[in-house]
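See below for the structure under consideration.
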Amino acid sequence: MLVDCVPAREALGLADRTVLHSGPPLAWERACPPVQTAILCAIRYEGWAADDAGAQRLVESGTVKLAPCHHAGAAGPMTGIVTASMPVFVVENRPRGNRAFATINEGLGKVLRFGANDESVVTRLRWLAREAGPLLGVALRVAGGLDLRALVAQALRMGDELHQRNVAASSLLARALMPHLARTAPDTGAVAQLAEFIGGNDQFFLNVAMAAAKAATDPCLDVAGATMVATMARNGTDFGIRVAGLGGRWFTAPVNTPQGLYFPPYSAADANPDVGDSAIVETVGLGGFAMAASPAVVGFVGAGGLRDAIRITEEMGEITLGEHPHFRIPTLDDRGTPVGIDVRKVVETGITPLINTGIAGRKPGTGQIGAGVVRAPLACFEQALEALARARGLA
Amino acid sequence: MADFRDLFTRLGGEIRVINLGLESFAETLEAMGVPVLHVQWSPPAGGDPERARLLSLLDDEDGS
(Lines give C-alpha, C1' and ligand atoms only; values in the text may rest on other atoms or scores of the structure.)
Protein backbone atom coordinates (compact mmCIF):
# COMPACT_ATOMS: atom_id res chain seq x y z
CA MET A 1 0.00 0.00 0.00
CA LEU A 2 1.21 3.50 -0.85
CA VAL A 3 0.35 5.32 2.37
CA ASP A 4 2.24 8.61 2.65
CA CYS A 5 4.83 11.06 1.39
CA VAL A 6 6.98 12.71 4.10
CA PRO A 7 10.55 14.05 4.41
CA ALA A 8 13.27 11.38 4.62
CA ARG A 9 14.28 12.85 7.98
CA GLU A 10 10.90 11.77 9.34
CA ALA A 11 10.33 8.57 7.35
CA LEU A 12 13.80 7.01 7.59
CA GLY A 13 15.12 8.83 10.62
CA LEU A 14 17.79 10.11 8.21
CA ALA A 15 20.29 12.36 9.97
CA ASP A 16 21.58 15.66 8.58
CA ARG A 17 24.94 15.49 6.83
CA THR A 18 24.23 12.03 5.47
CA VAL A 19 23.82 11.32 1.75
CA LEU A 20 22.26 8.05 0.66
CA HIS A 21 23.29 6.62 -2.72
CA SER A 22 22.24 3.68 -4.86
CA GLY A 23 23.78 0.22 -4.93
CA PRO A 24 26.11 -1.56 -2.54
CA PRO A 25 28.40 0.43 -0.18
CA LEU A 26 30.69 2.82 -2.03
CA ALA A 27 33.70 4.89 -0.99
CA TRP A 28 33.83 8.42 -2.43
CA GLU A 29 37.10 7.72 -4.27
CA ARG A 30 35.54 4.80 -6.19
CA ALA A 31 32.33 6.61 -7.18
CA CYS A 32 31.76 7.35 -10.89
CA PRO A 33 31.52 11.02 -11.98
CA PRO A 34 27.68 11.25 -12.17
CA VAL A 35 27.37 9.81 -8.63
CA GLN A 36 30.04 12.16 -7.28
CA THR A 37 28.39 15.13 -9.01
CA ALA A 38 24.97 14.23 -7.64
CA ILE A 39 26.35 13.84 -4.09
CA LEU A 40 27.91 17.31 -4.24
CA CYS A 41 24.74 18.81 -5.71
CA ALA A 42 22.65 17.28 -2.89
CA ILE A 43 24.97 18.84 -0.32
CA ARG A 44 24.53 22.25 -1.95
CA TYR A 45 20.75 21.69 -2.10
CA GLU A 46 20.69 21.01 1.65
CA GLY A 47 22.76 24.14 2.29
CA TRP A 48 25.59 22.23 3.97
CA ALA A 49 28.07 23.84 1.55
CA ALA A 50 27.91 26.84 -0.76
CA ASP A 51 29.70 25.22 -3.70
CA ASP A 52 31.00 21.88 -5.00
CA ALA A 53 34.53 22.43 -3.67
CA GLY A 54 33.20 23.00 -0.16
CA ALA A 55 30.87 20.02 -0.52
CA GLN A 56 33.74 17.75 -1.58
CA ARG A 57 35.78 18.82 1.46
CA LEU A 58 32.87 17.79 3.70
CA VAL A 59 32.76 14.34 2.09
CA GLU A 60 36.53 13.80 2.08
CA SER A 61 36.82 14.85 5.73
CA GLY A 62 34.01 12.49 6.72
CA THR A 63 31.81 15.38 7.94
CA VAL A 64 29.20 14.29 5.41
CA LYS A 65 28.70 10.53 5.49
CA LEU A 66 27.73 8.31 2.55
CA ALA A 67 25.55 5.20 2.89
CA PRO A 68 23.52 2.93 0.60
CA CYS A 69 19.78 3.61 0.32
CA HIS A 70 19.15 -0.08 0.94
CA HIS A 71 20.75 0.14 4.40
CA ALA A 72 18.27 2.89 5.36
CA GLY A 73 15.07 1.28 4.06
CA ALA A 74 15.02 3.14 0.74
CA ALA A 75 15.56 2.39 -2.95
CA GLY A 76 16.92 5.16 -5.17
CA PRO A 77 16.84 5.30 -8.98
CA MET A 78 20.11 5.89 -10.89
CA THR A 79 22.47 7.83 -8.56
CA GLY A 80 19.81 7.22 -5.91
CA ILE A 81 20.57 10.32 -3.88
CA VAL A 82 18.45 10.88 -0.75
CA THR A 83 19.04 13.55 1.91
CA ALA A 84 17.06 14.48 5.01
CA SER A 85 14.76 17.16 3.58
CA MET A 86 13.79 15.25 0.42
CA PRO A 87 10.22 13.93 0.53
CA VAL A 88 9.87 10.15 0.14
CA PHE A 89 6.91 7.96 -0.70
CA VAL A 90 6.07 5.49 2.05
CA VAL A 91 5.04 1.99 0.98
CA GLU A 92 3.75 -0.45 3.55
CA ASN A 93 3.85 -4.24 3.31
CA ARG A 94 0.91 -4.80 5.63
CA PRO A 95 1.04 -8.62 5.89
CA ARG A 96 4.70 -8.44 7.01
CA GLY A 97 4.53 -5.12 8.86
CA ASN A 98 7.50 -3.44 7.16
CA ARG A 99 7.88 -0.23 5.15
CA ALA A 100 10.09 0.95 2.27
CA PHE A 101 10.74 4.40 0.83
CA ALA A 102 11.64 6.19 -2.41
CA THR A 103 11.96 9.81 -3.47
CA ILE A 104 9.54 11.53 -5.86
CA ASN A 105 10.64 10.97 -9.47
CA GLU A 106 12.02 14.27 -10.79
CA GLY A 107 11.14 13.74 -14.45
CA LEU A 108 13.36 13.27 -17.48
CA GLY A 109 16.44 15.06 -18.80
CA LYS A 110 18.57 17.16 -16.46
CA VAL A 111 17.77 15.67 -13.07
CA LEU A 112 19.81 14.77 -9.99
CA ARG A 113 19.32 11.02 -10.37
CA PHE A 114 21.16 11.13 -13.72
CA GLY A 115 23.97 13.24 -12.27
CA ALA A 116 22.79 16.64 -13.50
CA ASN A 117 23.64 19.41 -11.05
CA ASP A 118 22.76 22.89 -12.31
CA GLU A 119 20.46 25.44 -10.65
CA SER A 120 17.36 24.05 -12.41
CA VAL A 121 17.97 20.72 -10.64
CA VAL A 122 18.21 22.38 -7.22
CA THR A 123 15.14 24.56 -7.89
CA ARG A 124 13.06 21.48 -8.78
CA LEU A 125 14.27 19.62 -5.68
CA ARG A 126 13.21 22.57 -3.50
CA TRP A 127 9.76 22.66 -5.12
CA LEU A 128 9.39 18.91 -4.54
CA ALA A 129 10.28 19.36 -0.86
CA ARG A 130 8.25 22.50 -0.17
CA GLU A 131 5.14 21.95 -2.30
CA ALA A 132 4.79 18.63 -4.12
CA GLY A 133 5.75 16.35 -1.22
CA PRO A 134 3.41 17.90 1.36
CA LEU A 135 0.51 17.96 -1.15
CA LEU A 136 1.04 14.28 -2.04
CA GLY A 137 1.36 13.32 1.63
CA VAL A 138 -1.94 14.92 2.63
CA ALA A 139 -3.75 13.43 -0.38
CA LEU A 140 -2.45 9.92 0.36
CA ARG A 141 -3.38 10.14 4.02
CA VAL A 142 -6.90 11.33 3.15
CA ALA A 143 -7.18 8.54 0.57
CA GLY A 144 -6.30 5.99 3.25
CA GLY A 145 -3.55 4.58 1.03
CA LEU A 146 -3.56 3.08 -2.47
CA ASP A 147 -3.37 -0.61 -3.34
CA LEU A 148 -0.19 -0.89 -5.42
CA ARG A 149 -0.38 -4.60 -6.22
CA ALA A 150 -3.69 -4.09 -8.03
CA LEU A 151 -2.37 -0.96 -9.76
CA VAL A 152 0.81 -2.70 -10.98
CA ALA A 153 -1.16 -5.73 -12.19
CA GLN A 154 -3.44 -3.44 -14.18
CA ALA A 155 -0.54 -1.42 -15.62
CA LEU A 156 1.11 -4.63 -16.89
CA ARG A 157 -2.10 -5.35 -18.80
CA MET A 158 -1.88 -1.84 -20.27
CA GLY A 159 1.61 -2.28 -21.72
CA ASP A 160 3.96 -1.22 -18.93
CA GLU A 161 6.83 -3.35 -17.67
CA LEU A 162 7.26 -0.92 -14.73
CA HIS A 163 10.92 -0.07 -15.29
CA GLN A 164 11.45 1.81 -18.56
CA ARG A 165 7.73 2.16 -19.26
CA ASN A 166 5.51 3.50 -16.49
CA VAL A 167 3.05 5.57 -18.51
CA ALA A 168 0.03 3.42 -17.64
CA ALA A 169 0.96 3.09 -13.96
CA SER A 170 1.66 6.84 -13.67
CA SER A 171 -1.72 7.59 -15.25
CA LEU A 172 -3.52 5.16 -12.96
CA LEU A 173 -1.81 6.68 -9.93
CA ALA A 174 -2.74 10.20 -11.06
CA ARG A 175 -6.34 9.10 -11.61
CA ALA A 176 -6.50 7.74 -8.07
CA LEU A 177 -4.77 10.72 -6.47
CA MET A 178 -6.35 13.69 -8.23
CA PRO A 179 -9.70 13.82 -6.40
CA HIS A 180 -7.89 13.75 -3.05
CA LEU A 181 -5.37 16.36 -4.21
CA ALA A 182 -8.16 18.64 -5.43
CA ARG A 183 -9.99 18.35 -2.11
CA THR A 184 -6.96 18.92 0.11
CA ALA A 185 -4.70 21.39 -1.75
CA PRO A 186 -4.75 24.98 -0.46
CA ASP A 187 -5.36 26.49 -3.91
CA THR A 188 -6.08 25.44 -7.47
CA GLY A 189 -2.76 26.79 -8.72
CA ALA A 190 -0.86 24.32 -6.54
CA VAL A 191 -2.98 21.41 -7.80
CA ALA A 192 -2.53 22.52 -11.39
CA GLN A 193 1.26 22.74 -11.06
CA LEU A 194 1.49 19.30 -9.46
CA ALA A 195 -0.93 17.77 -11.99
CA GLU A 196 1.14 19.23 -14.80
CA PHE A 197 4.33 17.82 -13.28
CA ILE A 198 2.87 14.32 -12.87
CA GLY A 199 1.22 14.43 -16.30
CA GLY A 200 4.50 15.45 -17.93
CA ASN A 201 6.50 12.60 -16.43
CA ASP A 202 5.86 9.13 -17.86
CA GLN A 203 8.26 7.67 -15.27
CA PHE A 204 6.53 9.23 -12.26
CA PHE A 205 5.48 5.79 -10.97
CA LEU A 206 8.94 4.18 -11.21
CA ASN A 207 10.05 5.27 -7.73
CA VAL A 208 6.78 4.03 -6.23
CA ALA A 209 7.26 0.67 -7.96
CA MET A 210 10.78 0.48 -6.50
CA ALA A 211 9.60 1.17 -2.96
CA ALA A 212 6.86 -1.44 -3.41
CA ALA A 213 9.39 -4.00 -4.67
CA LYS A 214 11.70 -3.29 -1.74
CA ALA A 215 8.83 -3.57 0.74
CA ALA A 216 8.01 -6.97 -0.80
CA THR A 217 11.57 -8.34 -0.86
CA ASP A 218 13.10 -7.01 2.39
CA PRO A 219 11.31 -9.56 4.61
CA CYS A 220 12.91 -12.33 2.49
CA LEU A 221 16.31 -11.43 3.97
CA ASP A 222 15.28 -13.36 7.09
CA VAL A 223 14.60 -16.71 5.38
CA ALA A 224 17.47 -18.96 6.46
CA GLY A 225 19.03 -21.14 3.77
CA ALA A 226 16.95 -19.68 0.92
CA THR A 227 18.74 -19.33 -2.42
CA MET A 228 16.47 -16.59 -3.81
CA VAL A 229 17.89 -13.17 -4.69
CA ALA A 230 16.30 -10.48 -2.49
CA THR A 231 18.17 -7.42 -3.82
CA MET A 232 19.93 -6.38 -7.04
CA ALA A 233 21.45 -2.88 -7.10
CA ARG A 234 24.22 -0.92 -8.82
CA ASN A 235 26.23 2.13 -7.80
CA GLY A 236 27.92 2.89 -11.14
CA THR A 237 31.06 1.05 -10.03
CA ASP A 238 29.84 -2.25 -8.57
CA PHE A 239 26.81 -4.46 -9.13
CA GLY A 240 25.62 -6.05 -5.89
CA ILE A 241 23.15 -8.73 -4.90
CA ARG A 242 21.83 -9.83 -1.52
CA VAL A 243 20.42 -13.32 -1.08
CA ALA A 244 17.50 -14.34 1.13
CA GLY A 245 19.41 -16.99 3.05
CA LEU A 246 22.48 -14.84 3.69
CA GLY A 247 21.00 -11.76 5.41
CA GLY A 248 22.27 -8.34 4.47
CA ARG A 249 25.59 -9.45 2.98
CA TRP A 250 26.45 -8.02 -0.45
CA PHE A 251 28.08 -10.01 -3.25
CA THR A 252 29.61 -7.59 -5.72
CA ALA A 253 31.37 -7.51 -9.08
CA PRO A 254 32.31 -4.75 -11.53
CA VAL A 255 29.17 -3.36 -13.12
CA ASN A 256 28.47 -3.68 -16.87
CA THR A 257 27.60 -0.82 -19.23
CA PRO A 258 24.08 -0.86 -20.75
CA GLN A 259 23.51 -1.53 -24.45
CA GLY A 260 20.72 0.53 -25.96
CA LEU A 261 19.53 3.52 -27.93
CA TYR A 262 20.76 7.06 -27.42
CA PHE A 263 19.13 10.47 -27.66
CA PRO A 264 20.87 12.58 -30.35
CA PRO A 265 23.72 13.56 -30.30
CA TYR A 266 24.89 10.92 -27.79
CA SER A 267 26.37 7.48 -28.44
CA ALA A 268 27.68 4.45 -26.54
CA ALA A 269 30.97 6.30 -26.02
CA ASP A 270 29.12 8.78 -23.78
CA ALA A 271 27.47 6.14 -21.57
CA ASN A 272 28.13 5.73 -17.86
CA PRO A 273 28.31 2.19 -16.46
CA ASP A 274 25.10 0.76 -15.01
CA VAL A 275 23.78 2.57 -11.92
CA GLY A 276 20.73 2.58 -9.64
CA ASP A 277 18.58 0.60 -7.21
CA SER A 278 15.84 0.28 -9.82
CA ALA A 279 16.84 -3.34 -10.54
CA ILE A 280 14.76 -4.11 -7.45
CA VAL A 281 11.77 -4.20 -9.83
CA GLU A 282 13.39 -7.05 -11.82
CA THR A 283 13.83 -8.84 -8.47
CA VAL A 284 10.02 -9.02 -8.17
CA GLY A 285 9.36 -10.07 -11.78
CA LEU A 286 8.93 -6.68 -13.44
CA GLY A 287 11.15 -4.68 -15.84
CA GLY A 288 13.18 -6.96 -18.11
CA PHE A 289 11.47 -10.02 -16.63
CA ALA A 290 8.08 -8.64 -17.78
CA MET A 291 9.36 -7.54 -21.20
CA ALA A 292 6.69 -9.59 -22.99
CA ALA A 293 4.03 -7.39 -21.39
CA SER A 294 5.46 -4.31 -23.05
CA PRO A 295 5.98 -4.49 -26.82
CA ALA A 296 6.45 -0.71 -26.77
CA VAL A 297 9.39 -0.78 -24.39
CA VAL A 298 11.39 -3.50 -26.12
CA GLY A 299 11.90 -1.17 -29.08
CA PHE A 300 12.57 1.83 -26.84
CA VAL A 301 15.46 0.01 -25.14
CA GLY A 302 16.79 -1.30 -28.46
CA ALA A 303 16.11 -4.96 -27.71
CA GLY A 304 14.06 -5.84 -30.82
CA GLY A 305 10.35 -6.55 -31.24
CA LEU A 306 7.58 -8.55 -29.62
CA ARG A 307 9.20 -11.93 -30.40
CA ASP A 308 12.38 -10.78 -28.70
CA ALA A 309 10.36 -9.51 -25.73
CA ILE A 310 8.70 -12.92 -25.32
CA ARG A 311 12.05 -14.69 -25.71
CA ILE A 312 13.56 -12.50 -22.97
CA THR A 313 10.72 -13.15 -20.54
CA GLU A 314 10.92 -16.90 -21.28
CA GLU A 315 14.69 -16.82 -20.78
CA MET A 316 14.23 -15.18 -17.36
CA GLY A 317 11.87 -18.05 -16.59
CA GLU A 318 14.91 -20.35 -16.78
CA ILE A 319 16.45 -18.73 -13.69
CA THR A 320 13.39 -18.09 -11.53
CA LEU A 321 11.50 -20.17 -8.99
CA GLY A 322 7.98 -19.57 -10.28
CA GLU A 323 5.45 -17.27 -11.90
CA HIS A 324 3.90 -14.29 -10.13
CA PRO A 325 0.33 -15.05 -9.05
CA HIS A 326 -0.88 -11.47 -9.63
CA PHE A 327 1.43 -9.91 -12.24
CA ARG A 328 0.18 -11.51 -15.47
CA ILE A 329 1.14 -11.03 -19.12
CA PRO A 330 -1.64 -10.91 -21.74
CA THR A 331 0.73 -11.80 -24.61
CA LEU A 332 1.66 -15.03 -22.80
CA ASP A 333 -1.92 -16.23 -22.29
CA ASP A 334 -2.02 -14.54 -18.89
CA ARG A 335 0.90 -16.46 -17.45
CA GLY A 336 2.54 -14.80 -14.46
CA THR A 337 5.82 -12.94 -14.82
CA PRO A 338 8.90 -15.02 -13.90
CA VAL A 339 9.74 -14.20 -10.29
CA GLY A 340 12.18 -15.26 -7.58
CA ILE A 341 15.69 -15.35 -9.08
CA ASP A 342 17.44 -18.51 -7.87
CA VAL A 343 21.20 -18.19 -7.40
CA ARG A 344 21.57 -21.89 -8.23
CA LYS A 345 19.77 -21.56 -11.57
CA VAL A 346 21.82 -18.52 -12.59
CA VAL A 347 25.12 -20.32 -11.91
CA GLU A 348 23.93 -23.60 -13.41
CA THR A 349 22.73 -22.08 -16.69
CA GLY A 350 25.02 -19.08 -16.97
CA ILE A 351 21.91 -17.02 -17.79
CA THR A 352 22.14 -13.72 -15.92
CA PRO A 353 19.23 -11.40 -15.06
CA LEU A 354 18.41 -8.86 -17.76
CA ILE A 355 17.60 -5.37 -16.55
CA ASN A 356 15.90 -2.55 -18.43
CA THR A 357 17.53 0.73 -17.57
CA GLY A 358 18.01 4.40 -18.28
CA ILE A 359 21.50 5.39 -19.38
CA ALA A 360 23.28 8.31 -17.69
CA GLY A 361 25.95 10.33 -19.44
CA ARG A 362 29.41 9.62 -18.04
CA LYS A 363 30.32 13.30 -18.27
CA PRO A 364 29.22 15.04 -15.04
CA GLY A 365 26.13 17.22 -15.38
CA THR A 366 24.88 15.66 -18.63
CA GLY A 367 21.81 13.83 -17.33
CA GLN A 368 20.04 11.01 -19.20
CA ILE A 369 21.37 10.16 -22.66
CA GLY A 370 19.41 7.02 -23.55
CA ALA A 371 17.78 3.77 -22.46
CA GLY A 372 18.81 0.16 -22.85
CA VAL A 373 19.33 -3.23 -21.29
CA VAL A 374 22.14 -4.58 -19.15
CA ARG A 375 23.04 -7.97 -17.69
CA ALA A 376 23.89 -8.60 -14.04
CA PRO A 377 27.47 -9.92 -13.75
CA LEU A 378 27.66 -13.70 -13.20
CA ALA A 379 30.43 -13.34 -10.61
CA CYS A 380 27.98 -11.99 -7.97
CA PHE A 381 25.93 -15.18 -8.22
CA GLU A 382 29.00 -17.45 -8.21
CA GLN A 383 30.20 -15.82 -4.97
CA ALA A 384 26.74 -16.16 -3.44
CA LEU A 385 26.54 -19.85 -4.40
CA GLU A 386 29.84 -20.55 -2.65
CA ALA A 387 28.67 -18.61 0.43
CA LEU A 388 25.39 -20.55 0.52
CA ALA A 389 27.30 -23.83 0.34
CA ARG A 390 29.66 -22.69 3.14
CA ALA A 391 26.70 -21.58 5.28
CA ARG A 392 25.31 -25.11 5.04
CA GLY A 393 28.68 -26.72 5.73
CA LEU A 394 28.97 -28.10 2.19
CA ALA A 395 32.13 -26.27 1.16
CA MET B 1 28.45 -31.26 -44.77
CA ALA B 2 27.00 -31.98 -48.25
CA ASP B 3 28.58 -35.48 -48.13
CA PHE B 4 26.95 -36.01 -44.79
CA ARG B 5 23.51 -35.33 -46.29
CA ASP B 6 24.29 -37.60 -49.25
CA LEU B 7 25.02 -40.43 -46.85
CA PHE B 8 21.53 -40.18 -45.36
CA THR B 9 19.97 -39.93 -48.82
CA ARG B 10 21.77 -43.11 -49.93
CA LEU B 11 20.48 -44.86 -46.80
CA GLY B 12 17.00 -43.95 -47.96
CA GLY B 13 16.20 -41.53 -45.17
CA GLU B 14 15.65 -37.82 -44.92
CA ILE B 15 18.04 -36.02 -42.63
CA ARG B 16 16.41 -34.33 -39.65
CA VAL B 17 18.61 -33.00 -36.88
CA ILE B 18 18.36 -32.32 -33.17
CA ASN B 19 21.27 -30.04 -32.35
CA LEU B 20 22.49 -29.84 -28.76
CA GLY B 21 24.67 -26.99 -27.53
CA LEU B 22 26.49 -24.93 -30.14
CA GLU B 23 23.87 -22.92 -32.01
CA SER B 24 26.13 -22.20 -34.99
CA PHE B 25 25.85 -25.87 -36.02
CA ALA B 26 22.07 -25.50 -36.21
CA GLU B 27 22.36 -22.25 -38.14
CA THR B 28 24.64 -23.89 -40.73
CA LEU B 29 22.20 -26.75 -41.24
CA GLU B 30 19.24 -24.37 -41.47
CA ALA B 31 21.09 -22.42 -44.16
CA MET B 32 21.34 -25.68 -46.14
CA GLY B 33 17.61 -26.28 -45.80
CA VAL B 34 17.97 -29.16 -43.35
CA PRO B 35 15.15 -29.39 -40.76
CA VAL B 36 16.80 -28.79 -37.40
CA LEU B 37 15.60 -28.45 -33.83
CA HIS B 38 18.08 -26.60 -31.65
CA VAL B 39 18.28 -27.41 -27.95
CA GLN B 40 19.97 -24.71 -25.91
CA TRP B 41 22.32 -26.51 -23.54
CA SER B 42 25.60 -25.88 -21.85
CA PRO B 43 27.45 -27.82 -19.16
CA PRO B 44 26.28 -26.89 -15.63
CA ALA B 45 28.16 -23.90 -14.21
CA GLY B 46 29.91 -23.40 -17.53
CA GLY B 47 31.88 -26.61 -16.97
CA ASP B 48 33.44 -25.49 -13.66
CA PRO B 49 33.68 -28.81 -11.74
CA GLU B 50 33.78 -27.30 -8.23
CA ARG B 51 30.71 -25.11 -8.77
CA ALA B 52 28.91 -28.02 -10.42
CA ARG B 53 29.68 -30.10 -7.31
CA LEU B 54 28.31 -27.37 -5.01
CA LEU B 55 25.16 -27.10 -7.14
CA SER B 56 24.67 -30.84 -6.90
CA LEU B 57 25.11 -30.83 -3.11
CA LEU B 58 22.69 -27.91 -2.65
CA ASP B 59 20.14 -29.60 -4.92
CA ASP B 60 20.51 -32.86 -2.98
CA GLU B 61 19.86 -31.01 0.30
CA ASP B 62 16.81 -29.25 -1.10
CA GLY B 63 15.49 -32.40 -2.75
CA SER B 64 15.38 -30.75 -6.17
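The values are calculated or read from the model by the stated rules, or taken from the named source; none is laboratory data. All figures in this text were calculated on a predicted structure; none of them were measured in a lab. Glycine also receives a Cβ, built like all others from the backbone with ideal geometry; neighbour counts cover every protein chain displayed.
List of remarks:
- Residue within segment A:348-359 that is surrounded by fewer than 24 Cβ atoms within 10 Å (Cβ to Cβ), within 14 Å of chain B (Cβ to nearest Cβ), closer than 18 Å to A:Ala153 by Cβ and not polar (S, T, N, Q) present: no
- Pairing residues of segment A:358-369 that are at positive phi with residues that are not polar (S, T, N, Q), at Cβ distances under 6 Å and at least 6 apart in sequence or on separate chains, gives A:Gly365/A:Ala116; A:Gly367/A:Gly109; A:Gly367/A:Lys110; A:Gly367/A:Phe114; A:Gly367/A:Ala116.
- Filter result for A:Arg175 (in contact (Cβ under 8 Å) with a residue 24 or more places away in the chain and among the charged types (D, E, K, R)): no
- Pairs are defined by a Cβ separation below 7 Å, a sequence spacing of at least 6 or placement on different chains, a first member in segment A:380-395 that is more than 7 Å from chain B (Cβ to nearest Cβ) and surrounded by 23 or more Cβ atoms within 10 Å (Cβ to Cβ), and a second member that is outside any loop (DSSP other than H, G, I, E, B) and of a type in the set (Gly, Ala, Ser); the pairs so defined are A:Cys380/A:Gly240; A:Cys380/A:Ala253.
- Check on A:Arg311, within 14 Å of chain B (Cβ to nearest Cβ), within 20 Å of B:Val39 (Cα to Cα), of a type in the set (Lys, Arg) and surrounded by fewer than 17 Cβ atoms within 10 Å (Cβ to Cβ): yes
- The residue list A:Pro25, A:Pro34 contains one member that is assigned to a loop (DSSP other than H, G, I, E, B) and farther than 30 Å from A:Arg141 by Cβ, which is A:Pro25.
- The set of residues in segment B:17-55 that are on the phi < 0 side of the Ramachandran plot and at the interface with chain A (Cβ under 10 Å from one of its Cβ atoms) comprises B:Gln40, B:Trp41, B:Ser42, B:Pro43, B:Pro44, B:Asp48, B:Glu50, B:Arg51, B:Ala52, B:Arg53, B:Leu54, B:Leu55.
- Condition check for A:Asn105: modelled with pLDDT under 95 and touching a helix residue (DSSP H, G or I) at 6+ places or on another chain (Cβ under 6 Å): no
- Residue match in segment A:258-280 (condition: touching an Asp or Glu at 6+ places or on another chain (Cβ under 9 Å) and aliphatic (A, V, I, L, M)): no
- Hits in segment A:58-95 (condition: assigned to a loop (DSSP other than H, G, I, E, B) and of a type in the set (Val, Ile, Thr)): A:Thr63, A:Val64, A:Thr79, A:Ile81, A:Thr83
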